[in-house]
Amino acid sequence: MRRVPHSFLLLAGLTATPCAFAQSTPVNLALNRPVSASSTENPDALKAANVNDGRLDTRWGSEFVNPSWITIDLGSAQSIGRVVLRWENAHATVYTIQVSNDGTNWTTVYTNANGQGGTEDISFNAVSARYVSMYGTQKNTQYGYSLFEFEVYAPGSGGNPTDPTDPQPPAPGTAPTVSYNARITGNQTEPAAPFNITDVATFNNPWGLDFLPDGRVVVTEKSDRMYIVTSAGAKTSIGGLPVSVGANGGGGQSGLHDVATSPTFAQDRKLWFSYVAKGADNNNHLTLASARLDESAGTATLANLQVVWQEPSSYSVRGQPGARIAFAPNGQYVFLAVGDGDIPAANGDRGHVAQQTDSALGKIIRLNLDGSTPSDNPEASLGGVRGQVWAKGFRNPYGLAFDASGNLWETEMGPASGDEFNFIAKGGNYGWPLVSNGNHYNGDAYLPGQPYPRHDTAPQFTQPAAYWGWFSTTNSMSPSGLAFYNGNLFPQWKGSALLGSTSSIALYRAVIDPATNNVTGVERYGRAANGVYTGAVRALKVSPLDGSIWYVKGGSDGALRKLTPQ
């Protein structure tokens, strides 16, 4: 980014009315005033205006250079005598506070040669000034300067001001969950389960399932195994599978993943499945394939295997494959959720490929059933992988399904918290990794433990319909698997979304307003009415025969399970 001389940082823009405080609360003169910076690391997500929006979940971050400064226009000359700097971990160790009445001639009112970060509450002799600037010349990390808030007060205004508009957890509903609350329009509750759980068959790290037309279930295991399972629990191993990186228990998060019965199964007996395989370049690539299911004399095998699509970029998937398959309601198109692959950038930050146009990582792709690109894809005319993309900006999309109205939805594992339930719009950009309602992991090489810029700070990105993230009462629920309920066994659940969860070890039901597609309530079910713990729900489907709900419980002690009314 081009550097701007300090003397030219005259500010312009609309001002907003400061939030009202109680009479005893000092007024932050800088709140929502125009602001500019000498440099900004990410002008979309870490923009200068984040520094005085009254929120501790947004921040300004400079580029990785010295010096850097940020300047606030109070709108008119004001009597000031106190500044509060609320630093992120990346802070200034040497800086000055400067003031000006014309934006050209500056006076230093405070100097700090040993900045410690955190919250620095600075008082100085009263001055009259319109512009206030933090001018940093030395920082504590290789990264830039990073400020949650830059507050300015009149002389003698002590205390610890807070903004009453700071986001707070939603009010609890009936029997609220403590650690896995969703952030939604309504409440998340934990009512008594209206279902019993029955174990049907055991599996080792099962990942996907789908129904055959006769009601039998096809189940995949990550270590290159696929089975047909009857309602009584009899298992038939399917041969003829390709080799994935998960063979013999390897591959980390990657291996054989989802399975889906073709919408044309009655004619061609095709199964579709996704897996991560070594490509010709020896890198790991997410792959979508189809094959004919042949059965004879109690045996089953895949024949005429065809690779329909393989992620074409030069990156090698390390994890976070996504890999969920969904067919359009008209049966003419196949959608594949592609994770970001956990690919680090040069600075150690992860997820950058989700915004790259030459990679399918971090995208949802849409194909004709023969693997070609539909002409009405958002950028079909551009060809290549870019023409295949339906939506982008995803981290680890582990759920993908259509509702009864033909709308596509996705569930996504965030980083440290920030799990999402998304309504998928054609051509939508969902922001990862430029925004997230989660944080960097503490062990990350880049900005360890620090929050990502939040979704609502960057309106150009589509916000989630519901998310689990960033306030203190929330942990990740780690969604995996998604289905919409339109059966008759649970009539009270019709139109609801069912979300699997692997870290919250529960089944979630999301109540959706069909007129607006807003999530108006979330229910969490950690155990069934018959006392059985739900466990880690890796994938789930609704039986087209009777409306019962089936899911695979993940882990080495995994199982295929069936939910029926209490």
- Task: Please work out which one of (1) within 21 Å of Asp376 (Cα to Cα); (2) assigned to a strand (DSSP E or B) is the condition Gly331 fails and give its number.
- Result: (2)
- Message: As an exercise: evaluate Ser7 against (1) part of a loop (DSSP other than H, G, I, E, B); (2) among the polar types (S, T, N, Q); (3) modelled with pLDDT under 90; (4) open to solvent by 20 Å² or more (accessible area, probe 1.4 Å) and give the number of the one condition it does not meet.
- Response: (1)
- Note on the structure: Filtering region 180-212 down to residues that are under 27 Å from the mean Cα position of the chain (by Cα) and part of a loop (DSSP other than H, G, I, E, B) yields Asn181, Ala182, Ile184, Thr185, Gly186, Glu190, Pro191, Asn205
- Query: Looking at Ala303, Ala266, Ala289, which is the one that is in contact (Cβ under 8 Å) with a residue 40 or more places away in the chain and open to solvent by 70 Å² or more (accessible area, probe 1.4 Å)?
  - Reply: Ala266
- Message: Criterion first (among the hydroxyl-bearing types (Ser, Thr, Tyr) and open to solvent by 40 Å² or more (accessible area, probe 1.4 Å)) does Thr119 satisfy it?
- Response: yes
- Of all residues in region 533-558 being aliphatic (A, V, I, L, M) and part of a loop (DSSP other than H, G, I, E, B), which is farthest from the chain's Cα centre (by Cα)? Leu545
- Given (1) surrounded by fewer than 21 Cβ atoms within 10 Å (Cβ to Cβ); (2) in a loop (DSSP other than H, G, I, E, B); (3) in contact with a strand residue (DSSP E or B) (Cβ under 8 Å, 6 or more places away or on another chain), index of the condition Ala515 fails: (3)
- Would you call Gln492 modelled with pLDDT of 95 or more and surrounded by fewer than 20 Cβ atoms within 10 Å (Cβ to Cβ)? yes
- Query: Looking at Ala536, Ala528, Ala510, which one is under 25 Å from Gly339 (Cα atoms) and open to solvent by less than 10 Å² (accessible area, probe 1.4 Å)?
  - Reply: Ala510
- Query: How many residues, within region 27-55, are open to solvent by less than 40 Å² (accessible area, probe 1.4 Å), part of a helix (DSSP H, G or I) and either over 17 Å from Ser133 (Cα atoms) or not β-branched (Val, Ile, Thr) (or both)?
  - Reply: 3
- Query: So is Asn475 at pLDDT 90 or above and surrounded by fewer than 21 Cβ atoms within 10 Å (Cβ to Cβ) or not?
  - Reply: no
- Confirm whether Pro172 is open to solvent by 60 Å² or more (accessible area, probe 1.4 Å) and modelled with pLDDT under 95. yes
- Query: Which of the residues spanning region 213-247 are assigned to a strand (DSSP E or B) and either among the aliphatic types (A, V, I, L, M) or surrounded by fewer than 18 Cβ atoms within 10 Å (Cβ to Cβ) (or both)?
  - Reply: Val217, Val218, Val219, Met226, Ile228, Val229, Lys235, Thr236, Ser237, Ile238, Gly239
- Among the numbered criteria (1) over 29 Å from Gly500 (Cα atoms); (2) part of a strand (DSSP E or B), which single criterion is violated by Thr287? (1)
- Query: For Gly250, which of the numbered conditions (1) closer than 22 Å to Asp340 by Cα; (2) buried (at least 18 other Cβ atoms within 10 Å of the Cβ) fails to hold?
  - Reply: (2)
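The values are calculated or read from the model by the stated rules, or taken from the named source; none is laboratory data. Keep in mind it's a predicted model, so treat the numbers as computed, not measured. Cβ: placed from backbone, ideal geometry, glycine included. Neighbour counts: every protein chain shown. For accessibility, only protein heavy atoms count, side chains too; no ligands or nucleic acids. Shrake-Rupley method; radii C 1.70, N 1.55, O 1.52, S 1.80 Å.
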